[in-house]
Amino acid sequence: MRQMYEQSEHRMVLQRYLTLFWRWLWLMLLMTLLAGGAAYLVSNRMTPIYEASTTLLINQAPASSASPDYNAVLTAERLARTYAELLVKRPVLEEVVHELNLPITPPALAERIRVRPIRDTQLIVVTVEDIDPQRAADIANHMVAVFSEQNRELQSERFAESKRSLTSEIAKLQADIDATQDQLAALRGVDDPVRRARLEEALVQYRSSYATVLRSLEEVRLAEAQLTNSVNVVESAVPAYTPVRPRIAMNTGMAAVAGLLLAIGIALLIEYLSDRVSSAEDVATAARVGMLAAIGRIDGAEPSDKLVMLKDPFSQVAEAYQMLRVKLEIARFEKPLHTLLVTSGSPGEGKSTTAANLALAIARSGKRVILVDTDLRRPSLHRFFRHANLRGVTTALVRDPSESLYNHMIATSLENLLVLPSGPVPSDPAVMVSSRKMLDLIDELKRMADVVVFDSPPILAVADAMPLAHVCDATLLVVLAGATRTSQLRRACDQLLQAGVEPQGVVLNRVTREQVGYDHYYYYYGGERRRSRRGVLSRLFRRRRRRQSSPPGAVDTVDAGMIGMDRRMQHDRGASVDVAVDGFFPQDAPPVPGTVDGHPVSTGAVVAARTDGRRNGTTPHQGIETT
């Protein structure tokens, strides 16, 4: 059991992350496209850069590497690093710029050159970058030639003095030898043995010295060859016509990934800092009460279009209201629910829409329901049922005791649902709501119906809802998903708790599929889900065709009973009419006047809603009975 619970927790966490990902997918795609597109445009406008590389081999002098030990290897690596540094020094660069007649300075040329010794080898790779691939190769090859020449000259200076001295000595000895030989040749006809012997002895000494000096010169030359490090070209540079910069594909990909990561970071930061209520976890954390239902968005510009329980009773949103009704009945199983207050923390969170559709859902279950608009400051329920707000709660509170309460109500297309609008807006709504007459009115409504649903003002805006919450069996809080702050929901619950009222639960209104996985709540109604995805224009044309195909006098909206009753009472204004609503009121109900202050009363119509008939294209209204 514990393992199953842990698996369920893991699935919930995964679902939450997937929901978060889906919610911010638009930002991720937008940032990815913007970053990748910007990188592509910038990279495409950049000047292409080409590079050419040449490889050098550093031959260490044989005398210095006679013993192949660790010191010799270390010396070779140090020599390679030394030559790598010398390659980019000013003397080499100046010579290259001069000989190739380059339009740049040596420091600028140095920024385009990379010299990299290959580790554990005596190889050096020289890379040159330029906007011209041929010029890049020429610079690389000429650098090696200039450096090799300068390196030879630098190492030759160590033996130059010795070679000059020995060469001069050899030349002097050669001159002495030649002079002595000339003297000996002049004595061939002269009888002077003493002088001849002296010249021959001197010639032998000169020749011996000449041989000694010449041997010394050869030894110096050999030493120079043994102690000179050489630089050989292993691989010459050739032009490469593929640019190395900019790398458009790589830059675009990296920028897109960076944009995606930035979008993910922004989304996580917003979610961490956001205090908007958007899930059941947020509701439980802020309100410490459970979420009874998640209601999706309802399309429609007019308030009457929001009555989804009449427009499309098999849609997902309608099923959500049915689930809300069932959960309320289960929560109040031991103590049946007779009065229900629907309120919210702030205006515009959809409490009136929730109250109207919930009343319709309860009425469709077979119970007698009265929907009461107790929002005496900004009433709206009368607009849902397309009726003028001429009579209602305020007129019922000041009516004559002998006058029936039915005269102040509105009939609907459901035979067991009546609506009591707010009536004219009073000057002091708070006093009227908390008066003794309001309590008497509520008691009378409870006797007339099985369930009375009250639409009250927001509890954080005005104090009108508190007296009603005290007398109602349950209070339902409506929260606008993604807009209501957790602090507002917490304050609303705290106000109710401080007044001694414990909220029955929270309804999360106008949720999206990305917020709580609303699309998967009612997967059983797959066909209806596809039907509800049709566009607004198709639904309007379908409604128009249904109206044109209906019999004369049939109306597809909830005001059919009201319009029919108004038309039938036009001919007899001022006369009393006894009205009985089939299945709702007792047969001995008091008579209902046909007019109130010169206005027709559109209540008391016998309207039997037949959903099957409506779906088949026939009128949903059976007729009107008057006595």
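Below, the figures for the structure above:
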item	result
Residue among ALA137, ALA145 that is within 54 Å of the chain's Cα centre (by Cα), among the hydrophobic types (A, V, I, L, M, F, W, C) and either at pLDDT 90 or above or not in a loop (DSSP other than H, G, I, E, B) (or both)	ALA137
Where a residue in the range 92-119 is in contact (Cβ under 8 Å) with a residue 24 or more places away in the chain and its partner, wherever it lies, is in a loop (DSSP other than H, G, I, E, B) and crowded, with 18+ Cβ neighbours inside 10 Å, with Cβ under 9 Å and at least six apart	VAL96/LEU102; LEU109/VAL88; LEU109/LEU102; ILE113/VAL88; VAL115/VAL88
Condition met for GLU334 (assigned to a loop (DSSP other than H, G, I, E, B), of a type outside the set (Phe, Trp, Tyr), more than 22 Å from ILE459 (Cα to Cα) and open to solvent by 20 Å² or more (accessible area, probe 1.4 Å))	yes
Filter result for SER156 (polar (S, T, N, Q) and exposed (fewer than 13 other Cβ atoms within 10 Å of the Cβ))	yes
Lone qualifier among LEU445, LEU477 - being touching a helix residue (DSSP H, G or I) at 6+ places or on another chain (Cβ under 9 Å) and closer than 18 Å to PRO336 by Cα	LEU445
Exclusive hit being assigned to a helix (DSSP H, G or I) and exposed (fewer than 15 other Cβ atoms within 10 Å of the Cβ), set LEU268, LEU358	LEU268
Residue in the range 229-239 that is in a helix (DSSP H, G or I), open to solvent by 50 Å² or more (accessible area, probe 1.4 Å) and at negative phi present	no
Selected residue (only one of ALA52, ALA80 is at pLDDT below 90 and among the small types (Gly, Ala, Ser))	ALA80
Single condition ALA286 does not satisfy, out of (1) in contact (Cβ under 8 Å) with a residue 12 or more places away in the chain; (2) more than 30 Å from GLN488 (Cβ to Cβ)	(2)
Matching residues, the range 110-134, being over 19 Å from SER236 (Cβ atoms) and either in contact with a helix residue (DSSP H, G or I) (Cβ under 6 Å, 6 or more places away or on another chain) or at pLDDT 90 or above (or both)	ALA110, GLU111, ILE131
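So that you can scan it fast, the table gives a plain yes or no per residue for (1) β-branched (Val, Ile, Thr); (2) under 19 Å from ALA363 (Cα atoms):
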site: VAL289; (1), (2): yes, no
site: LYS306; (1), (2): no, yes
site: ASP312; (1), (2): no, yes
site: VAL317; (1), (2): yes, yes
site: VAL326; (1), (2): yes, yes
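The values are calculated or read from the model by the stated rules, or taken from the named source; none is laboratory data. Worth saying up front: this structure is predicted, and the values here are computed from it rather than measured. With ideal geometry, Cβ positions are generated from the backbone for all residues, glycine too; neighbour counts draw on all protein chains shown. Surface accessibility is based on the protein's heavy atoms, side chains included, excluding ligands, DNA and RNA. Shrake-Rupley method; radii C 1.70, N 1.55, O 1.52, S 1.80 Å.
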